[in-house]
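Engineer: Submitted below is the structure of interest, expressed as structure tokens.
Every read-out reported here was derived from the displayed coordinates using simple, explicitly stated rules and does not represent laboratory data. Just so it is clear, the model here is predicted, and its values are computed rather than measured. Here the Cβ positions follow ideal geometry from the backbone for every residue, glycine too, while neighbour counts run over all protein chains shown.
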Amino acid sequence: MTPLIFALVALAGGLGAAARLALDGIIRTRVSSAFPWATIIINVTGSLLLGVLAGLAAGHLVSDASYAIVGAGFLGGYTTFSTASFETVRLLQERKWLAGAVNGLGVLAATTLAAALGVWIGGTLS
Amino acid sequence: MNGNDEDLPLDPDLDAAESASGAPRPIHLRPSALLLVFAGGTLGTAAREALSLTFPPIDGIPYAILAVNITGALLLGLLLESLVRRGPDHGGRRRVRLLVGTGVMGGFTTYSALAADTARLIGSGSPAPGLAYGVGTVLIGAVATWAGIAIAAAFHRRTLGVATEDDR
């Protein structure tokens, strides 16, 4: 990876993180729930889009550089594991066992299915 | 709350320095907050990408991303618990939360790569390593987050000598 591509990956990650802050706030002002829907929506959509990108890259419709910048960069910065894990632990500390388990393992299943669906969509488009 | 004597603003979302020009904006739409998260996210993503390039996957399992996500989970637990025990979320504490928590840790850790790699491993014909990678990341990540919170709480009690009701 060239230094320029690396810098673009990093900056795209910054953009993704800023997009996460904005979308998280917009969802939170509309959905008032103890369940962390904002982070879930962000992580599921980011996983779906990374799947689509991977499907397109497998069909050589996306260059390696673009895949790195948008995938590892933007979508990597947009989605977050640390906040998701923090929210899971918060739910468990409040003894909301089911909500905590769903936010941990249920979201893992949902994001994994979203990524697989994305790969299929990307492959169909290629 | 935690022995902090700062005066609280009427609206905790309102920072005095940012409210001079008319109606306050919610944090997530303020250019200053977006800029802090952008800067932190750029640094965090650079660190993740450097580690993931230095330590490529072994047998298809991205150990660098595993380590990044678990370390980031521990550090975010440590950071958020430290901040909340020092006082309400405004001013400098909020700026640190946005820059380091939402920005650096948010950009450093990633869920999309976790999901895509789990899907790829499960789909490659031998689902056991994929399940172990995905479920292992979530379970160890939760323990790491809990450990970060516990370390910050213990540090706060011992070093600052501040005990709150729930600590007793």
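Engineer: Can you give the net charge of the other residues whose Cβ lies under 12 Å from the Cβ of B:Val100, counting K and R as +1 and D and E as -1? Spell out each step's value before the answer.
Structural biologist: Working: positive: B:Arg93, B:Arg94, B:Arg95, B:Arg97; negative: none.
My count for the surroundings of B:Val100 gives +4.
Engineer: Follow-up question, since we're still on this one. Taking chain A as the reference, fit the longest principal axis to its C-alpha atoms, fit the long axis of helix A:3-30 to the helix C-alpha atoms, and give the angle between the two in degrees, 0 to 90, nearest 10.
Structural biologist: With rounding to tens, the tilt is 30 degrees.
Engineer: Here's another thing I want to ask about it. From the phi of every residue in the range B:132-142, what ³J(HN,Hα) in whole Hz does the Karplus formula 6.51 cos²θ - 1.76 cosθ + 1.60 yield, where θ is phi - 60° and glycine or proline is x?
Structural biologist: Running phi through 6.51 cos²θ - 1.76 cosθ + 1.60 with θ = phi - 60° gives 4, 5, x, 5, x, 4, 5, 5, 5, x, 5 Hz.
Engineer: In the protein assembly as shown, if the dipole is taken from +1 on Lys/Arg beta carbons and -1 on Asp/Glu beta carbons about the Cα centre, which of B:Thr109, B:Ser52, B:Gly125 is farthest to the positive end?
Structural biologist: Comparing the listed Cα positions along the dipole, B:Gly125 ranks first.
Engineer: So what's the gap between the Cα centers of the range B:138-152 and the range B:62-121, to the nearest angstrom?
Structural biologist: 11 Å
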